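Quick note: the coordinates plus some simple rules give every number you see, no bench work behind them. Bear in mind the structure is a predicted one, so any value in this text is a computation, not a measurement. Cβ: placed from backbone, ideal geometry, glycine included. Neighbour counts: every protein chain shown.
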Amino acid sequence: MKTYRRIIFCFIVISFIFSSGTVWGKPLEMAKKPEDLGFSSERLAFIDKTLASYIEKGIIPGATILIGRNGKIAYFKTYGMQDKENKMPMKKDTIFRIYSMSKPITAFGIMMLWEEGKFILPDSVSKFLPELKGLKVGVEKKDPQTGNATLELVPCNREMFIYDLLRQTSGMVYEMPWFGKNLVQQKWAEAKIWDENETLAEATTKLAKLPLLFQPGTRWNYSRSNALLGRLIEVLSGQPLDRYLEDRIFKPLDMKDSGFWVKPENQDRLAQPPKNPRTGKPQDMLDVSKSPKFLAGGEGMVATPMDYARFALMLLKGGSLDGVRILGPKTVAYMTSDHLGSIPGYWFPGNGYGLGFGVRVMPGTNAMTGSVGDYYWMGSGGSYFLVDPKEDMFVVFMMNDMERSGVDNGNLIRSLVYQALKK
């Protein structure tokens, strides 16, 4: 009788686990050899030689690359050091600060709410964040008497749309000096939008008092638009951004090490940058050792290469992975299409910008190789990812070194990966 009760109890527990929405992700399968997925092993070795050379010359401390095709892993290698100062080698489960590779995840988060009918893309941001009603645009003019530049504030021709936040046409800016030093950006820098002691709600109140760089919808400009997307997620879902992404994306996709901070038991796996070669001082990177108050949906997350590979494969499969659907396939196709058209300002010729991704629209006119329809983004710590539906391929490259540009890495990684394709 006791044995029978134990069996019934175990059955109930197992049934509860599988009915509670808990998902146990399957590990991505490794191909027996790269040739099975259309790659040349001989030519993939160029990746090893190149990255080994970069490490030997001190250009980068260490890196990881994962290449997938036809749903399997063709290549997964580590190079150099996870922590050069403490002589810790890079590992496949090293955790990286992914910086702006956070943006596609936040974009997915908001579009899940769009699919649920919580908003439409032409909705004004102020409909849900009323403090942003009546934003002004800063127009630089020269004082005829002194010759000094002055800032005149003019009304917006139309309100900022949620659509503008997703495609980076909001008129907002990044305040760091390497993005520009105009008077609008100076105002943003003085406001200290990123304050680790404040919440997204408090940052939004600050944003509401700042001028835009241009009229919404008229130009592309890389900015803190994702900070407002993160706040919109909180308002529309009723959850903090970190909890929402954990419940709706990270857990369902089995992205075990993704989030806004690294738990104490995993901090020995966190990639650490070398000292700044120019100053000899430690690099100023995100402190991810504790749960942050400011949840930066545009640049604040961490992940492992395998975690992000699962996200990339979900994209490639049209919004689902291992039987779990995150977004509908038509939504993914819509997000990864160009949404700029003739709107100027995007960095790369031959490319456009979707809803959270750069998108290739022409086979040439660009220094980077690829396929029409591929989409990608990078992080300022040097990481880069690429999804190529035409080749049924995704690439995740990760490193953490602010002294090495993610844009350059994207160009390098693309050339090394595409040259290794045999068919």
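Under a crude label model (7 Å from the Cα following the beta-carbon direction), how far is GLU202 from ASN411 in nanometres?
Output for this residue pair reads 4.1 nm.
Taking Cα pairs under 8 Å and at least six residues apart, what relative contact order does the chain come out at, in percent? The partial results should precede the final answer.
Working: 836 pairs, mean separation 87.1, N = 423.
The normalised contact order for the chain reaches 21 percent.
Past 27 Å, Cα to Cα, is the threshold; run LYS87/LYS317; LYS103/LYS390; LYS206/LYS281 against it and keep the listed order. Write down the numbers at each step before the final one.
On the way: LYS87/LYS317 39 Å; LYS103/LYS390 23 Å; LYS206/LYS281 32 Å.
LYS87/LYS317; LYS206/LYS281, as the Cα separations exceed 27 Å there.
If packing is taken as the mean number of other Cβ atoms within 10 Å per residue, what is the order of 213-224, 58-69, highest first?
Values: 213-224: 19.7, 58-69: 23.0.
Order by mean packing, descending: 58-69, 213-224.
Apply the Karplus curve 6.51 cos²θ - 1.76 cosθ + 1.60, θ = phi - 60°, to the phi angles in segment 163-174 and return the couplings in whole Hz, x for Gly and Pro.
So the J values, rounded to whole Hz, are 3, 5, 4, 5, 9, 6, 10, 6, x, 6, 9, 9.
With the chain treated as a Gaussian network of Cα nodes joined by springs under 10 Å, which of GLU234, GLU175, GLU116 yields the largest mean-square fluctuation?
Taking springs between Cα atoms under 10 Å, the residue moving most is GLU116.
Arranged from highest to lowest average of other beta-carbon atoms within 10 Å per residue, in what order do the peptides 159-172, 141-154, 320-333 appear? Working shown, then result.
Values: 159-172: 24.2, 141-154: 9.8, 320-333: 16.5.
Going by the mean number of other Cβ atoms within 10 Å, highest first, we get 159-172, 320-333, 141-154.
I'd like the antiparallel share, as a percent to the nearest 5, of DSSP beta bridges with both residues in the chain. Can you show the working numbers first?
Working: 44 of 48 bridges.
The antiparallel fraction comes to roughly 90 percent.
I'd like the FRET efficiency for ALA45 and GLU85, computed as 1/(1 + (r/R0)^6) with the beta carbon distance as r and R0 of 30 Å, rounded to 0.05. Numbers along the way, then the final one.
On the way: r = 29 Å, r/R0 = 0.98.
Calculated value: 0.55.
Taking the structure as given and computing mean projected area of the Cα convex hull in nm², which label from (1) 20.6; (2) 18.5; (3) 24.9 fits?
(3)
Subtract the Cα-Cα distance of GLU190 and ALA52 from 0.36 nm times their separation in residues, and report this length gain in nm to one decimal.
Numbers: separation 138, 0.36 × 138 = 49.68 nm, distance 4.19 nm.
Additional length available on full extension: 45.5 nm.
At 0.36 nm per residue, minus the direct Cα-Cα distance, what do LYS330 and LYS423 gain on full extension? Give it in nm, one decimal, please.
Values: separation 93, 0.36 × 93 = 33.48 nm, distance 2.77 nm.
The LYS330-LYS423 span can extend by a further 30.7 nm.
Give the cross-link partners of LYS192 among the aspartates and glutamates, using a straight C-alpha distance below 13 Å as the criterion and excluding same-chain residues fewer than 8 apart.
GLU175, GLU202
With a 10 Å radius around each residue's Cβ, average the other Cβ atoms per peptide and rank 250-259, 127-136, highest first. Before the final figure, lay out each step's value.
Numbers: 250-259: 20.4, 127-136: 15.9.
Result, highest mean Cβ count within 10 Å first: 250-259, 127-136.
In nanometres, what is the gap between the two model label sites at LYS263 and VAL139, each 7 Å from Cα along Cα-to-Cβ?
5.5
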